[in-house]
Amino acid sequence: MGDLALAVVVLSGFVVALVAPTVTRHRHNAAGWLIALLPLALTLYFVAQLPRLARGEVLTFAAPWVAELGLAFSLRADGLGVLFALLISGIGTLIVIYAGGYLHGNPFLGRFYAWLLVFMASMLGVALADNLIVLFVFWELTSLSSYILIGFEHESASARAAALQAMLVTGAGGLAMLAGLLLLGQVSGSLELSALLTQGDALRASPLYPAALLLVLLGAFSKSAQFPFHFWLPNAMQAPTPVSAYLHSATMVKAGVYLLARLNPALGGTDLWLYAVGGIGAATMLLGGYLALTQTDLKRLLAYSTVSALGTLTMLIGLGTSLALKAMVVFVLAHALYKGALFLIAGAVDHATGTRDVTQLGGLARAMPITASAAVLAALAMAGVPPLFGFIAKELIYEVGLELGVWWISAIVASALFTVFIASTIALGVFFGQTRHTPKHAHEAPSSLWLGPVVLAGLSLLIGSAPELVSAILIAPTVAAISGKPVAVKLALWHGVTPALLLSLATVLVGIGLFFARDALRRLLAPLRWSGAEQTYALALDGLNALARGQTRVLQNGYLRRYLMTIVLATVGLTGAVLLNQPIWNQLSNLPWETIWQDARFYELGLAVLIVLATIAAVVSPSRLGAVAALGVVGYSISLIFLAFGAPDLAMTQFTIESLSVLLFVLVFYHLPRFTRLSTSRARVRDAVIAALAGGLMTLFVLLAVGVQFQPSISDYFLENALPLAHGRNVVNVILVDFRGLDTLGEITVLGIAALGAYALLKLRREKIE
Amino acid sequence: MSLSVPDLNFRVIAPALIVALTALIVLLAELVTPAPRKRWLGVLGLIGLLIAAGATVGLWGAPASAFGGMVVADNFGLFLTLVILLGAALSILLALDFVRAHRVDQGEYYVLVLFAVVGMILMATATDLIVIFLALELLSLPLYILAAFKRADARSLEAGLKYFLLGAFSSAFFLYGIAFIFGGTGTTNLMKIADALAKNPRNDLLLVGAGLLLVGFAFKVALVPFHWWTPDVYDGAPTAVTAFMSVGVKAAAFGAFFRAFLVALPAFAFDWRIVLAALAVLTMTLGNVAALLQSNVKRMLAYSSIAHAGYILIALVAMGASGLSSALFYLLAYTLTNLGAFGAVIALSDGERERLEIRDWGGAARQYPFIAAMFAIFMLSLAGFPPLAGFTGKFLIFSAAVETGWAWLAVIGVLNSLVSAYFYLRPIVQMYMSEPVPGWDRIRVAPLVALALVLALIGVIALGLYPTPAIVMATGGFLR
C-alpha cells in the first residue's frame, strides 16, 4: 500500500468535481474561493513533503487493480513528480480563484469548475503515476477535459473546431504513446516505471527500441505542441483565459516534457534520442519564436512563445548533459511562474478593456497599476533580467549552449531574442506609452483577477533573489530523478562577468530594440507566415473524408448484386489461394481418370448432361416460369442421381422438397411484375466470367474429394439386419420407417408445415380475389 | 458397424433448452393474450432468460461434454452464453415500449428473439461443425424475419430480404466448407479434426474447407469484404432489432469462429493467422473510415460494429490464452456499450419518429441531460477512452497482440481507434454544443428503456474501473 495520502490527494479532485456544480449553484459569488481550498490544501501537502524528498526518500502507493495483467494502481512521488504536482496544485489554486472573477455570472460556472478539477486530478495522476497504464489513463483524461474546457464557449464554431483539433492531435499522440508504452513493458517485463527505469541498458539494446521510442515521442510531442504538431496550441486559445493559463501554458502542455524527463534514464543517451528529441526541440524553439513575431492577439502571442519555451525544454532533455537537465528543471519552474502570470494578465486586460489586440492597447499602467506592476515583473522574468528567477534559468541555458558549440548557442540566442521581444510587447506595449481607446473603459481588475499574477510574479522575484530557497529541496531531487543519480545543485544570481552574462545583456538590449521596430518587423514578416503543418492536418482530414465518400458511392451502393459479386470474388480468392500449392495439381492429374470414365454408366452421363443443359436453360430463360421449371429439372435429376447411387430415402426427400419448392415458386412468381432484363450485356459477360470462375474452382475442389471414403458402405448393414432386427423384407421400407424412423418423422413434419404454408398462400390469394 | 445411442446429457444444454421452452410457452400464450397485454409476453421471455442465466451459472466451473461430443459446457461457452443472455435481456427491455410505438406489438417478436437466442447459445457451445451450422441457421432465420418485422416499412422489408439472400449464400459456402473438411478428415467433430490434422498435416481439402468456413463466419461477424449487408440491414431493421443483432450475433458467431479455428485448426495457424491479420486490417480500416462520413446514427454504428469485429479478430490472430480471454472480455464490453448506444437512440425517439440523423441530436443535452450523458459515455467507451469498458477491452486485445509478436497489428489497431474517436465525438459535440433542433419536443422517456440504459452504464463503468472479476471469468478457456 504505502502512502494512502498520496492516493487520496490524486483522487480528491474527482470527488470534489462531483459537488462543485452544487457548491457553485448555492454560493455563486464565493465559489472560486471555496473550491480553491482543495488545491490549496494539496499545495500545502506537497510542500510538506519536500524535506522528505530532499533526504532522498520517495513516496509510493500501490493497490491491486487488474492483478491478472500485472496492473496495479500505483503512484510514486519523487522530486520530478512533486515539482509538477506543486505547479499543478499551486497554480491550480490561483486559477480557481481567478476563474471565479473571470467567469462571474456565467450560468455554466459550476460545470466549468467540475471539469477544471477533473483536469487537475488527472494531471496530478500523470505526474505521480508509477504504472504506465495508469499514466496513460490519466493522460487521456487530461486530453478529454481539455477538449471540453476549450469548447466551453461552445456557441462559437471556431471554439468547437479548435477543441476537436486539440483533442484529435493530442488524443492521437496519446494512443501512439500507449502502443510505445506497451512495447516498453514487453521488453522490460514490467509496466511499473520504477522497475522500467532500472533497465535502461536492456531497453536501449532491444531491437524494439527505435519503434518504442518513436511511438512514445509521438505522444510526448503532440501533447507538448512540438513541431510538427505545434499548431493546435495557438488555436486552443479559443478557451477561456483561465484554461489557457492553466492547461495550455503551465501544466498540460508540459505533460510531454514531463514524460520525456521521466523516461530519460530508461531511453535517453542514444544518438536517436539526441537527434530526435534535441533536434525537434530546437526546431520548435525557433519556429515558435519566429511565428510569435507577427502575432497581434495577446493570447496567441503568448501561445507561440509557449511553443518556443516547450521546444527549449524538449531540446534540453534531448541534449541530456547534467548541466542541460539542471537548466531544464530550473526553466520549467521559471517558465510556469512568469508565463502563468502573463496569461492571467492577458485575461485581466481582456476583461477590463474588451480587446486583446496589442495594436489597440497602450498606457494601461495608469488605469491598472497593480496588474501593471505584476506584468512588468513577469515580463522582466521572461526576458531574463536579474534579480528574477527567469534570469537564472536563461543563464543556465546559455551555459549549456556555450558548452556545445556555435550552432546551438546561436539557436538559443535567437530564440531568446524573440522572447525578449514578446516580453517587451506585453509589458511596454500594453501598459506604457500612449493610452488608446478601447471597447470598454479600462479599470483595475477585481482582487480575484490580480491575485494570481501578483503571487506568481512575486514568486519569480522571491526565488530569483534567493534561489537557495528551492535549489536543495526542490531542484536537486528533480534533477536527480531525471538523471537517475543523486546530484548537488547550487543556484546563484551572480557568477561574475561570464560570457553568458554578456550574452544576456546583449540579448535584452537587441530584443528591446526589435520591439521598437515592431511595426516594420510585422510588415516585413507578414508575407512569410508558415502554416504547413496545420494545412497537412486539414488535408489529412479532408483526405479521410474523401476516402469515406468514395467508399460509400462506389462500394456501399445498396445494390445486392454488387455485394454478392464481391462476396463471391473474395471467396474465390480465399479458397483459390490453396491452388498455389503445387501438389494439388499433381493430385488432380493422378486421379484415375480412365476408370472414372469406364465405370460411368450411360444414364449417369445422361443425367449429368441433363443437369448442365437445364442449368444453362435456367440462366438464359426469358421467362420466370421457364427458369423455375429448368431448376426443377435440375433438382429432379439430382434426386435421380441419389437413387442411382443407392440412397432411396434421400432421393424421396429431395423429390418431395423439389416439388414443393417449384410449386411455391410458381405461386409467388404469379404476383411479381414481368421479367425484364436490366443489366447491360457487358455486365452480363462480367457476371458470366465470375460465375465460371467460382463454379470452375468448386468443381476442381470436388474432384479433389473424389475417391475419399472413410466409412464402409452402410448398405450391407441394412441388408443383413432388415429381417432379424426389424422384421421386414422390403429394405427401403424398413430404412424409412424403422432404422431412420425419426428422420422420416422429421421430414413428414417439415413437409406438412410447408404444405400448410402453401395452403395459407393459396387461401390468402383467394380472399383477395373475393 | 453398429449404431449407438449418444450420451444424452440434457443438463449440458439446459440454458438453450430453457430458452427454447420459454419461446414455445410465449408462442402458445400469444394466442390467448389480448392485444393491450402483449408486453407481458416480453416479461415472460425476460423471466425465461433469467432462469437460463441461473442454469448457466449452475454449470460454471465444471466443464462437461454431451451428445457424443456435439456440445460442451465449458467456461468459454458459458461466458458467451451469459453475454448472449445479457444482450437479449437488455434488448427485450428496450423493445417492450419500442414495438408498441412502432405498432408491431406482437408476441411473435419475443418468440423470434428467443429462438435466435437458442441458436446463439448452441453456436457458442457447439463442438461439432454440423451443430454449429444448425445453430447458425437457427439464429439466422429468426433474424431475417425480425429485420423485416416492421412490415409497413419498405426499408425494413428491404433489410430483411437483403440479409436473407446474402445470408443464404454465405450459409451455403459454410456448409460446403463443412463438406470439404469432412472429406479431408472423415469427421465434423472439432477435436477429431485436430487429431486427424496432427496425423496428416498436409491436407488440401481441409484447407479449402477452412477457407469456406471462414467465409461463413466472416459474413456473420461482418468482416470486410463480407460486410456489405451490415449498413443496409442495421439501418433498415427496426432499431430494437438492430440493437439485438449487433451484439448477440457477434458474440455467438465469434464464439464458434474462435472455437473452430483454435480447437480444430491450430496446425494451420501459420496460414490462417496471416489471412486473418490482413482481414483484420481491412475490416478495422474500412469500418472506421467509412463511419467518418455517416450522418445517420444507425449507419454510423453499423460501420462501427464492423470496425469492432476487426479489433476482436486481432485477438484471434494473437491466439493463446490471453487472446482468448481478451476477446471474451471485449465481447462483453461491446455488448453493454453497443446496447447502451442503441438504447439511447430508442430512448429519445418520439413515437415512430427516431433521431436517426446526427444533426437531430442538437441540444439533446439540454433537453435530456441524463440520457445525453449516458450516450456520451457509451460513445467514449466505443472509442476506447479510459477508464471505460471499451478501453479495457482494447487494452487487453492490443497487449495480447504485442505479447505474441503481433505488435504491428496492435499499432494499426491503435491508429484505427484514433480515426474512430473523430466520429464517436461528433454526436457528443452535437448534443452538447449545438442548439436544439426545432421539431423535437420534449417527450417522456420510457422508464424501462431508461432502466436498460442505466444497467448498461453501470456495466460499462464497472468494467472500466474494476475489470478483474470479468477477466478472471473470461480466462476459463475451452474444454478440448
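Derivation of every value follows stated rules applied to the coordinates shown; laboratory data play no part. It should be emphasised that the depicted structure is a prediction, and the values quoted were computed from it without experimental measurement. For neighbour counting, all protein chains shown are included, and Cβ atoms are generated from backbone atoms with ideal geometry for every residue, glycine included.
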Handout entry: Cleavage-rule hits, chymotrypsin sites (Phe, Trp or Tyr not before Pro), segment A:60-129, DSSP coil, Cβ neighbours within 10 Å at most 16
Key = A:Phe108
Completion exercise
Which residues qualify? For B:Phe385, with a placed amide H closer than 5 Å and at least 5 residues away or on another chain, they are B:Phe391
Handout entry: Spatially proximal lysines relative to B:Lys298 (Cα-Cα < 19 Å; intrachain offsets below 8 disregarded)
Key = B:Lys150, B:Lys162, B:Lys220, B:Lys250
Practice task
Please grab the % of Cα pairs in segment A:60-211 that end up more than 26 Å from each other.
Solution key: 37
Problem - Simple Cβ-charge dipole of segment A:83-205, Lys/Arg +1 and Asp/Glu -1, about Cα centre, in debye nearest 20 - result: 140
Practice task
Mind jotting down the distance between the C-alpha centroids of segment A:298-327 and segment B:349-402, whole Å?
Solution key: 38
Fill in the blank from the handout: Magnitude of the Cβ-charge dipole (Lys and Arg +1, Asp and Glu -1) of segment A:267-356 about the Cα centre, nearest 20 debye, reported as 140
Handout entry: Packing-based exposure ordering (other Cβ within 10 Å, fewest first) of A:Arg562, B:Arg444, A:Arg518
Key = B:Arg444, A:Arg562, A:Arg518
Practice task
Calculate the length of the line joining the C-alpha centroid of segment A:15-36 to that of segment B:1-72, in whole Å.
Solution key: 54
Handout entry: Under 14 Å, Cα to Cα: Lys pairs in chain A, sequence gap 8 or more or different chains
Key = 6
Completion exercise
Placing each pseudo-label 7 Å from Cα in the direction of the beta carbon, A:Ala30 and B:Leu451 end up separated by a distance in nanometres of 4.4
Handout entry: Rh by Kirkwood over Cα pairs, then Stokes-Einstein D for chain B at 0.890 mPa s and 25 °C, µm²/s
Key = 110
Practice task
Over the Cα atoms of the protein assembly as shown, compute the convex hull volume and normalise it per residue, giving Å³.
Solution key: 199
Problem - Computed over segment B:294-381, Cα set: Rg, Dmax in Å - result: 15.4, 48
Exercise for the section: Work from the charge dipole of the protein assembly as shown (Cβ charges, +1 for Lys and Arg, -1 for Asp and Glu, about the Cα centre) and give the residue of B:Ala218, B:Val249, A:Leu462 farthest towards its positive end. Expected result: A:Leu462
Completion exercise
For segment A:393-463 (alpha-carbon point model, no solvent) the Debye-based log₁₀ I(q)/I(0) at q = 0.17, 0.20, 0.27, 0.28 Å⁻¹ works out to -0.87, -1.00, -1.18, -1.19
Practice task
Quote the relative contact order of segment A:293-516 in percent (integer), defining contacts as alpha-carbon pairs under 8 Å separated by 6+ residues.
Solution key: 29
Fill in the blank from the handout: If each part is reduced to its alpha-carbon centroid, segment B:94-144 and segment A:449-521 end up apart, in Å, by 71
Fill in the blank from the handout: Pseudo-spin-label distance B:Asp271 to B:Asp195, built 7 Å along Cα→Cβ, given in nm, is 2.2
Exercise for the section: Kindly put B:Arg353, B:Arg273 in sequence by how many other C-beta atoms sit within 10 Å of each C-beta, fewest to most. Expected result: B:Arg353, B:Arg273
Problem - Extent along principal axes [Cα atoms of segment A:293-516; Å; largest to smallest] - result: 55, 34, 29
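Using the Cα centre as the reference, give the magnitude of the dipole from point charges on the C-beta atoms of chain A (Lys, Arg: +1; Asp, Glu: -1; all else neutral), rounded to the nearest 20 debye.
2240
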Handout entry: Separation in nanometres of the label points that stand 7 Å from Cα toward Cβ, at A:Glu720 and A:Ser621
Key = 4.6
Practice task
Classify segment A:656-699 as rounded, prolate or oblate, taking a ≥ b ≥ c as the square roots of the eigenvalues of its Cα gyration tensor: rounded when a/c is under 1.5, otherwise prolate if a/b is larger than b/c and oblate if not.
Solution key: oblate
Problem - Dipole-positive endmost among A:Leu539, A:Leu502, A:Leu607 within segment A:478-630 (Cβ charges, Cα centre) - result: A:Leu502
Exercise for the section: Note the angle between two axes, namely the Cα long axis of helix B:269-291 and the longest principal axis of the Cα atoms of chain B, as a number of degrees from 0 to 90, rounded to the nearest 10. Expected result: 10
Handout entry: Nearest 10 degrees, 0 to 90: helix B:239-259 Cα axis against chain B principal axis
Key = 20
Practice task
Among A:Leu380, A:Gly125, A:Ile280, flag the residue with its Cα farthest along the positive direction of the charge dipole of chain A, charges on Cβ as +1 for Lys/Arg and -1 for Asp/Glu.
Solution key: A:Leu380
Problem - Sorted by Cβ neighbour density within 10 Å, fewest at the top, the residues B:Arg37, A:Arg204 - result: B:Arg37, A:Arg204
